[in-house]
1. Would you pick out the residues in segment 7-28 that are of a type in the set (Val, Ile, Thr) and in contact with a strand residue (DSSP E or B) (Cβ under 8 Å, 6 or more places away or on another chain)?
2. Are any residues in segment 7-34 in contact with a helix residue (DSSP H, G or I) (Cβ under 8 Å, 6 or more places away or on another chain) and either assigned to a helix (DSSP H, G or I) or surrounded by fewer than 16 Cβ atoms within 10 Å (Cβ to Cβ) (or both), and if so, which ones?
Amino acid sequence: MKNVLIIEDDLEIIHLLEIHLKDLGCEVTKVTQGDDGLRKAIELIPDLIILDVMLPEMDGIEVCQKIRANNIQSPIMMLTARSEEIDKVLGLEVGADDYLTKPFSVREFIARVKAIFRRQKMLVKEDAGTSKKKVMHFDNLSVDVEMRKVILDGIKIELSPKEFELLVFLSTNPGKSYDRTKLLNLIWGYDFQGYEHTVNSHINRLRSKIEPDLGNPKFILTTWGVGYKFNEEL
């Protein structure tokens, strides 16, 4: 049974989401304030967090940031009544996995939840498939897949969940180029057409943490006209 945490201050929306999540066989925990939601997320480590952007005490963007700062990997679906692109981009870039703008159809909500759960199942299979590569070494960089740990020159590097997933995916497929749309669909697990620049910003942040020279990347290379690849010569 999947454990879902709803952080939302609209009681009607909470009731609607709860009904359909229970139809999917989920156990549901509900809170109406941002700070309470953060505490529950840390306590429960749920399988999915549904997080409203506009919340009392602590807004959803800050809650999302603090959830990720606590190294909680649970998928986060953000909800908001605001539809500006900047809100969507900000939500995705602070660590959200999906984004729905109110009002949304129940059918679309269910489809998004199922997509997130499928993505989780796929990640488990990928982890099993790379069990022989629990720790990968690339010159002075090591990636521990099981422990979700990255070491560069003997120093632990802190990565966000999506930065880590990008690094693991690219490094387990060295030399193979992926365009931004493909990476967006593979790593975020849903079709965010039009938000390919989110991949760029994550790659740039990842590079800033592991590359010795941003002007001449060593690990994550740009394939001009295509996208990105991991250096197969390492």
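Throughout, read-outs are computed from the coordinates displayed, never taken from laboratory work. Source: prediction; values computed, not measured. Ideal geometry is used to build each Cβ from the backbone, glycine not excepted, and the neighbour counts take in all protein chains shown.
1. Of everything in segment 7-28, those that are of a type in the set (Val, Ile, Thr) and in contact with a strand residue (DSSP E or B) (Cβ under 8 Å, 6 or more places away or on another chain) turn out to be ILE7, ILE13, ILE14, VAL28.
2. Hits for segment 7-34 are LEU16, LEU17, HIS20, LEU21, LEU24, GLY34.
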